[in-house]
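Below you'll find the structure, written out as structure tokens, and then a few comments.
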Amino acid sequence: MKIDLHSHTYYSDGQLSPAELVARAQQMQVDVLAITDHDTLNGLAEAHQTCAQLGHPLAIIDGVEISTGWHNFDIHIVGLNVDTDSPSLQAFLAEQETRRADRAGLIAAKLEQCGFVGVLDKARGLAGPGQLTRAHFARVLVNDFGVASMDTAFKKYLGKGKRAAVKAHWPTMAEAIDAIQAAQGQAVLAHPAHYDMTAKWLRRLVAEFATAGGDGIEIAAPAAGQQKSVLINELAAEHQLKASSGSDFHFPSRWRELGKNPTPTTTLTPIWQNWPQAVNNTNKENADL
Ligand code: MN
Ligand code: MN
Ligand code: MN
């Protein structure tokens, strides 16, 4: 059974529509896919519709990736199996949307000062129905203003401490965990190997996430660094966090693909252990054998 619990559509900074994402997951033989757009649930209904219309056996997990702040780091918390009708989660995400819109305005003003005239409209055009993220600004700098790459756009302008950086005022980890759990979801610490922090800080982060009531943590592929991937497994066990795993797919590329995410070692409990969606798929697979 292939389970991928982290992916994006064009409702945040992904490039595919929910329908295209579902089709690609099907093509990659993914059985269970969580759609986890940044601070929005807007792509989920369309994904479910597509599955139903096409008779796909793919199970969609309703998810979201929430931005939080912790000691000057932007920390992402993934919510899985959230109740999309939860009024408290919807109110929480509406606030996130306001924070994002405010930040986008400030980033645009700074980029204009750097000489990138009209950058806000161009980024809005690119974002389409989705929320504006820094990735959209980066892409506009590359597409329309000759900046060499997305990476360069972040290193020169959008990254922490750079000319167009705007400090975001995100909620705390505990607030995000509460919002997810109040909507009957499970809270997962996203991509712990990707934060630019030392092992000492990572230990603190995972400890505080667990103390705040977090349910799981995304394990890292050894390719992300053997040491870090081992450390994350150790920390998951130490704090009794369940293992989650996702590709964090944003767009087709050589580097990332739906369903090409690591399988947890048997020492950890997978976060999907008691999920009906995963069980059904397991049974189906066994029945085929
Ligand atoms: Mn993203
Ligand atoms: Mn993230
Ligand atoms: Mn993500």
Length added when fully stretched, THR265-THR84, from 0.36 nm per residue minus Cα-Cα: 62.1 nm
Whole-angstrom Cα spans of the chain along principal axes, big to small: 61, 47, 39
Estimated vicinal HN-Hα couplings, Hz - segment 69-78 in sequence order (Karplus 6.51, -1.76, 1.60; Gly, Pro = x): x, 8, 6, 6, 9, 8, 10, 9, 10, 8
Ordering of 252-258, 201-207, 33-39, 223-229 by burial proxy (mean other Cβ atoms within 10 Å per residue, highest first): 33-39, 201-207, 223-229, 252-258
Amide hydrogen neighbours beyond the local backbone of VAL64, cut-off 5 Å, H modeled: GLY79
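How do 71-78, 90-97 rank on mean C-beta neighbours within 10 Å, highest first?
Final packing ranking: 71-78, 90-97.
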Full-extension gain in nm, VAL279 to THR152, via 0.36 nm per residue minus C-alpha separation: 41.3 nm
Nearest-0.05 FRET efficiency for ASP74 and ARG204, computed from C-beta distance (R0 25 Å): 0.95
Separation between Cα centres of segment 30-53 and segment 153-200, rounded to whole Å: 22
Cβ-derived FRET efficiency at R0 45 Å, ASP196 paired with GLU112, nearest 0.05: 0.95
Span-like helix ranges in the chain, DSSP H, alpha carbon extent 30 angstrom or more, Kyte mean at least -1.0: 87-113
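Fully extended, how many nm does the chain gain between LEU54 and THR211 (0.36 nm per residue separation, minus their Cα-Cα distance)?
Net length gain for the segment: 52.3 nm.
So if we plug the beta-carbon distance of GLU20 and GLU97 into 1/(1 + (r/R0)^6) with R0 = 22 Å, what FRET efficiency do we get, rounded to 0.05?
Numbers: r = 23 Å, r/R0 = 1.06.
For GLU20 and GLU97, the calculated efficiency is 0.40.
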Cut-off under 5 Å, modelled amide H: who pairs with LEU5 long-range: ALA34, SER245, GLY246, SER247
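Coordinate-derived values only; no laboratory data. All values derive from a computational prediction rather than experimental measurement. A quick note on method: Cβ atoms are made from the backbone with ideal geometry, for glycine too, and the neighbour counts reach across all protein chains shown.
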